[in-house]
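First up is the structure itself, then whatever we jot down about it.
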Amino acid sequence: NWANESSPKEFILLGFSDRAWLQMPLFVVLLISYTITIFGNVSIMMVCILDPKLRTPMYFFLTNLSILDLCYTTTTVPHMLVNIGYNKKTISYAGCVAQLIIFLALGATECLLLAVMSFDRYVAVCRPLHYVVIMNYWFCLRMAAFSWFTGFSNSVLQSSLTLNMPRCGHQEVDHFFCEVPALLKLSCADTKPIEAELFFFSALILLIPVTLILISYGFIAQAVLKIRSAEGRRKAFGTCGSHMIVVSLFYGTAIYMYLQPPSSTSKDWGKMVSLFYGIITPMLNPLIYSLRNKDMKEAFKRVMPRIFFCKK
């Protein structure tokens, strides 16, 4: 029972409340980052949907990533802005549960989706003649559905383990939002067995996809080096390079946060890392994919005038 007898009606999110001078700069950074995230990801979604030339598996998965990043930040940032702006640090128990489940689900889904995107790039570079057959519409749909379903299943499992820990009335969460490591620190029981179980599930969701990504890019690097055309190598490195930057930013911070015991994480450093993969990375993703991708830049030039100026 998630709402057990030791569950308070609300939690207090401490954030950086002990550093009053940080509140306004943090509010400004969050507001700017969230605005850029919304504009960037909505723009990518619209361009990928409206431009016929981008109706390919790569941009289908990129649309999924943009939807995911948009929901990912919306789960936490608006509430953080309200808390900082009105100096209100509380969140209801139900709100905390919803935030924990959705944030964890979307994070896990992104782990799997990035692995699927790396497989798409592997087939495009290493098996170009079979690309259309392998990456057919139904296969792409199944892979995307598998990522979303597995991400939410993992979240329900990890959230139930975390929320069932007795908290003995503790309600001060030393974080900006409800996240597994921060909530585990509220427990008044031995958390080591639960930490071991959570570590196992986190390792599956993080390490298996990142291993598959590294293997895929090992084969891609070999194939690209064999391309005689400089233009061909440049295009391959351009599209794959964007994906690798996103992978490095997301996995590096997520692995740091989830693959070590919560007790060993510096509380302030942990908060900064969470802000990075929860807010900064979703903001950077559309910038990375649009600025480093020639096809995407050309699509923006074709589609944006139609959207903003009603040009055909």
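The values are calculated or read from the model by the stated rules, or taken from the named source; none is laboratory data. All of these numbers come straight from a predicted model, not from anything done at the bench. Counting neighbours? That spans all protein chains shown, and the Cβs are built from the backbone with ideal geometry, glycine included. Each accessible area value is taken on the protein alone, full model and side chains, heavy atoms only, with ligands, DNA and RNA left out. Shrake-Rupley method; radii C 1.70, N 1.55, O 1.52, S 1.80 Å.
A few comments on the model shown:
- Tallying residues that are over 14 Å from residue 175 (Cβ atoms) and surrounded by 15 or more Cβ atoms within 10 Å (Cβ to Cβ) within region 78-91 yields 1.
- Only residues that are aliphatic (A, V, I, L, M), over 21 Å from residue 61 (Cα atoms) and modelled with pLDDT of 75 or more were counted across region 218-255, and they come to 5.
- The single condition from (1) open to solvent by 50 Å² or more (accessible area, probe 1.4 Å); (2) within 18 Å of the chain's Cα centre (by Cα); (3) of a type in the set (Val, Ile, Thr) that residue 215 fails is (2).
- Positions within region 18-53 being among the basic types (Lys, Arg) and either in contact with an Asp or Glu (Cβ under 8 Å, 6 or more places away or on another chain) or surrounded by 12 or more Cβ atoms within 10 Å (Cβ to Cβ) (or both), in sequence order: 53
- Residue among 118, 147, 187 that is without any contact (Cβ under 8 Å) to a residue 40 or more places away in the chain and crowded, with 18+ Cβ neighbours inside 10 Å: 187
- Residue 296 vs. criteria open to solvent by 20 Å² or more (accessible area, probe 1.4 Å) and modelled with pLDDT of 80 or more: no
- Region 226-260, residues that are in a helix (DSSP H, G or I) and more than 20 Å from residue 120 (Cβ to Cβ): 230, 231, 252, 253, 254, 255, 256, 257, 258
- Qualifying residue in region 256-270 (condition: modelled with pLDDT of 70 or more, open to solvent by less than 10 Å² (accessible area, probe 1.4 Å) and not charged (D, E, K, R)): yes
- In region 157-177, the residues that are part of a loop (DSSP other than H, G, I, E, B), closer than 15 Å to residue 80 by Cα and touching a strand residue (DSSP E or B) at 6+ places or on another chain (Cβ under 7 Å): 175, 176, 177
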